[in-house]
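Everything on this sheet refers to the single structure shown next.
The values are calculated or read from the model by the stated rules, or taken from the named source; none is laboratory data. As the structure is a prediction and not an experimental result, all values here were calculated from the model. Note that we place each Cβ from the backbone using ideal geometry, even for glycine, and neighbour counts take in every protein chain shown.
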Amino acid sequence: MSDALRPLIVGAGPTGIRAAQTLVDAGIRPIVVDEAAAGGGQIYRQRLVPDERTPRDLYGSETGKATALHETFARIRDRIDYLPQALVWNVQGKAADVAAGGRTRRLNFSHLILATGATDRVLPFRGWTTPGVFTLGGAQIALKSQGCAIGERVVFLGSGPLLYLVAWQYVKAGARVAAVLDTAPFSSKLHLLRGLLSQPGVVLRGFRYAAELMARGVPVHFGVEPDQIEGETRVTGMIWRERGKEHRLACDAVGYGFALRSETQLADLAGCRFVFDGRDRAWRPERDLAGRTSVSGLYIAGDGAGIAGADAAELAGERAGFAVLEDAGLTVDRARIAVLERKLAAIQRFRDVLEAAFPFPDKWANSVDDDVLLCRCEEISIGQARTAAREQEVRELNRLKALTRVGMGRCQGRMCASAAAEILAAAHGQPLEAVGRLRAQPPIKPLPLGIAADGEAA
Amino acid sequence: MSRILHKDVAIIGGGLVGSSAALALRRMGLSVALLDKGFCGAQASGVNYGGVRRQGRPPEQMALSQRAHVIWPRLKEIIGIDGEFVRSGHLKLARTEAEMASLEAYATRVAGFGLDLELIGRNKLRERFPWIAGDIVGASLCAGDGHANPRLVSATFALAARRAGAEVLEHTPVSHVERVPEGFHLSAGSGTEIRARFVVNSAGAWAGTFAEAFGEPVPLGRIYPSMIVTEPLDVFMTVNIGAEGGGIYARQVERGNCIVGGMRAEPTVDLDFSRPTGSGAVTIMNRAADLFPALRNTYAIRCWSGTEGEMSDRNPVIGFSRTTPNLIHAFGFSGAGFQIAPGVGEVLAELIRDGESRTPIEAFTIDRFARMDQGSPAGSVPEARKRETSK
């Protein structure tokens, strides 16, 4: 019976691994394709080369979860078809195009679970493309995966739980953190008290990060309006405003980000219906609590289905695995599903608290200067986008792309589209959802022209 | 929010043909409503390859093509931007002796039309275009041809029409059009009703239903040409490349990206949109890497496709309806409409103003299919001829 089932899981982070485990436990052999060299995803990313650091050094308070996930993946390794360092660059019907090692081949699947995760939401401001500026996620990967800091005097900036986590991880690793600049006012953090009842562990951990940072003398500023990153060929300093007053701090690296954005290109290519998620300020694939999308046999879970964090990702991955089993007519553990759904619902409620505690910087879209670069691949400025909006009456994101090239370059809008949508919406004073979203095109990431084609596999 | 507009001309379809007609009509002082079911210039007119070439067109298109030829270098003056038009030349490669013979025969056939084709042999080709690899037998160069940026040109023609006073109604699909005593009545999206003396059917791949509504079924099929674009590179590809027998075409834009096409895509769930197949995209990429060594170690950053109307004989339909006075068709450009479209726009405006055009368009009458298919039951739609799409 299970021979006919050939589920493909894209991504080997918390979602993908838990989905794979659920299928393996039911006697099914899924294919797991992951871009990284080792499982764990971004949050539980493993070292490229072994070093003296212990799991506790790498994952801190999340060591237990990281280790359990890695162990699970090692345990099921022989009962899955695992393709590391491989990119699913296109999905069409019941087949995926997978590139690895200079070759591409087509994998047929019976079910597809997208566990594609998220990347930092980047908002441009003056100097954001100066060498030495990283996303928060990028800064974290440099540390976890390669054991290096992005600089010797690092400023962390932005809004979102990751801001404090990464700063804390840097301090723990012995790096010098010059400051943590939170764009949200201190008062917003009081919202976290509402979360103490539902997710006390998460809230207390967050407070602990902040407390330890302060205890070690790291200045933490709230209500920051970033003005510019200084430096010609390398970051030399950071200028910001706080209660109307200008501040300047010398530093040689900046890590910044404003929460996360889901990676949804494959869901789009597969034809999933999208809905606007006001909390994520983004369009995302429509899905039920089990991860079923509008396309039969296609599931999406974890941060790629809407931002909910690593704990939710594990639960949602397992739930999506059960959904595949249910839809294939196999028996499932109903009690376990009920537990998963209850926990997922609780985390969803808690996300509202987090959003209030780490709000999006509403003023950004109207205050950022015209000459700041919006799309770094195509070198399009904020002003060019605003001009197109005004003079060519552009109100929709694909139209903006067609007329200005925003989102047309190497990143295909993965880095710039969130900011472009905010700018376009603000230019006309229209709601964010009205500007739509960029249509995805394959390949979802650049592909070498000389890649060899192996045709159909399995 | 129902409203009634009274216009001299209603144009169904805001592609490059409809938009350039709208602009030309406004310059003649006629009132115009330009309707599109989506954004103007967002379908084939805006996402095509961008070749601005006369070379390779059949003789019957030459007068029209030459008329358009003089418009392209004047875009800045006409629509306010140059549309990245470059008179780079168009080089058509022959990979076999038979293909070379075919290029030579073509050069003879169009000798009187002023294309100034230059036939180039194997050795000379190597010398002048050393960046082309592979066993190329020879080529034909049309120095006056070039390329431009469709997504800018087509949308900007519509914008220019609007600025010239045309009523441009985007996201306004025409749901019904009928002949009434004083002209036409159109019902469109958002409760828009239009009364017009003339109607232009320039609805591209969607034009068939409007032709059929007036008793003129046509063998209009759909094709989905697909392309890839590379990351930006130093400029090396100095001409627009085509190939006799098809399979590959390529150009490099000012910014340095190379655009390469030569395969066909498939429609998506939404049948009005299409997307390249994975294998099709890789085939194009591999062909490009083989033909242009400079591309071997570069990356494709995107591929895309568009929906284009194709006639069974690959010539467009242009001209007055044979059933309905003051209805004019202009569609079915069969993958080769970009270059001639601005010329077609002028011709349509002349037809409306003067009842005739100074450019011969007899070859494109809509009743040519009825004549071909004499004996077939009235109103039937002949099936589009299957064409080999890749080689």
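For residues that are buried (at least 17 other Cβ atoms within 10 Å of the Cβ) and charged (D, E, K, R), scanning just segment B:262-276, find the one that is nearest to the other protein chains (Cβ to nearest Cβ). Taking the candidates together, the pick is B:Arg275. All of (1) closer than 30 Å to B:Arg275 by Cα; (2) in a loop (DSSP other than H, G, I, E, B); (3) away from every other protein chain (no Cβ under 14 Å) hold for B:Leu115 with one exception: (1). Can you spot a residue in segment B:212-225 that is facing another protein chain (nearest Cβ under 8 Å) and closer than 29 Å to B:Ile136 by Cα? No, that holds for no residue.
Just give me the residues in segment A:218-236 being on the phi > 0 side of the Ramachandran plot and either hydrophobic (A, V, I, L, M, F, W, C) or buried (at least 18 other Cβ atoms within 10 Å of the Cβ) (or both), in sequence order.
Matches in segment A:218-236: A:Gly231 only.
The condition of being of a type in the set (Asp, Glu), touching a residue at least 12 places away in the same chain (Cβ under 8 Å) and not assigned by TED's automatic domain parsing to the domain that holds B:Val229 holds for only one of B:Glu346, B:Glu356, that being B:Glu346. Which one is surrounded by the fewest Cβ atoms within 10 Å (Cβ to Cβ) among residues in segment B:172-197 that are out of contact with any Gly (no Cβ under 7 Å at 6 or more places or on another chain) and among the hydrophobic types (A, V, I, L, M, F, W, C)? My answer is B:Val180. Whenever a residue of segment B:76-94 is without any contact (Cβ under 8 Å) to a residue 60 or more places away in the chain, its partners that are acidic (Asp, Glu), lying with C-beta atoms within less than 9 angstrom and at least six residues away or across chains, give the pairs B:Lys76/B:Asp82; B:Arg87/B:Asp145. Of the residues making up segment B:80-101, those that are among the acidic types (Asp, Glu) and touching a Pro at 6+ places or on another chain (Cβ under 9 Å) number 1.
For A:Arg439, the stated conditions hold: it is touching a residue at least 40 places away in the same chain (Cβ under 8 Å), within 24 Å of B:Gly41 (Cα to Cα) and within 12 Å of chain B (Cβ to nearest Cβ).
Conditions (1) more than 23 Å from B:Val47 (Cα to Cα); (2) in contact with a Gly (Cβ under 9 Å, 6 or more places away or on another chain); (3) crowded, with 18+ Cβ neighbours inside 10 Å, marked per residue:
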position: B:Arg95; (1), (2), (3): yes, yes, yes
position: B:Ala98; (1), (2), (3): yes, yes, no
position: B:Thr108; (1), (2), (3): yes, no, no
position: B:Lys124; (1), (2), (3): yes, yes, no
position: B:Gly134; (1), (2), (3): yes, no, no
position: B:Cys142; (1), (2), (3): yes, yes, yes
position: B:Asn149; (1), (2), (3): no, yes, yes
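The strands (runs of 3 or more DSSP E) found entirely in segment A:240-282 that carry 3 or more residues being under 15 Å from the mean Cα position of the chain (by Cα) and closer than 24 Å to A:Phe134 by Cβ are A:253-258, A:260-262.
Residues that are in a loop (DSSP other than H, G, I, E, B), closer than 15 Å to B:Asp36 by Cβ and not assigned by TED's automatic domain parsing to the domain that holds B:Gly245: does segment B:149-156 have at least one?
no
Within segment B:44-59, residues that are within 14 Å of chain A (Cβ to nearest Cβ) reach partners that are among the acidic types (Asp, Glu) and not in a helix (DSSP H, G or I) with beta carbons closer than 6 Å, at six or more positions or on different chains, in the pairs B:Ala44/B:Glu308. Considering each residue of segment A:450-458 in turn, at least one proves to be surrounded by fewer than 20 Cβ atoms within 10 Å (Cβ to Cβ) and more than 14 Å from chain B (Cβ to nearest Cβ). State whether one or more residues within segment A:7-21 are more than 26 Å from A:Asp97 (Cα to Cα), touching a residue at least 24 places away in the same chain (Cβ under 8 Å) and of a type in the set (Ser, Thr, Tyr). No, segment A:7-21 contains no residue that is more than 26 Å from A:Asp97 (Cα to Cα), touching a residue at least 24 places away in the same chain (Cβ under 8 Å) and of a type in the set (Ser, Thr, Tyr).
Here A:Ala118 clears all of (1) touching a Ser or Thr at 6+ places or on another chain (Cβ under 6 Å); (2) within 14 Å of chain B (Cβ to nearest Cβ); (3) of a type in the set (A, V, I, L, M, F, W, C) except the condition numbered (2).
Would you be able to say whether some residue in segment A:393-403 is without any contact (Cβ under 8 Å) to a residue 24 or more places away in the chain, in contact with a helix residue (DSSP H, G or I) (Cβ under 6 Å, 6 or more places away or on another chain) and either polar (S, T, N, Q) or facing chain B (nearest Cβ under 9 Å) (or both)?
Yes, segment A:393-403 has at least one match.
For segment A:163-217, the candidate set comprises residues that are of a type in the set (Ser, Thr, Tyr) and surrounded by 13 or more Cβ atoms within 10 Å (Cβ to Cβ); within that set, the residue that is nearest to the chain's Cα centre (by Cα) is A:Tyr164.
Give B:Ala22, B:Ala42, B:Ala33 a once-over and let me know the one that is of a type outside the set (Lys, Arg) and in a helix (DSSP H, G or I).
B:Ala22
Checking each residue in segment B:222-234 for being at pLDDT 95 or above, surrounded by fewer than 24 Cβ atoms within 10 Å (Cβ to Cβ) and in contact with a Lys or Arg (Cβ under 9 Å, 6 or more places away or on another chain) picks out B:Val229, B:Glu231, B:Pro232.
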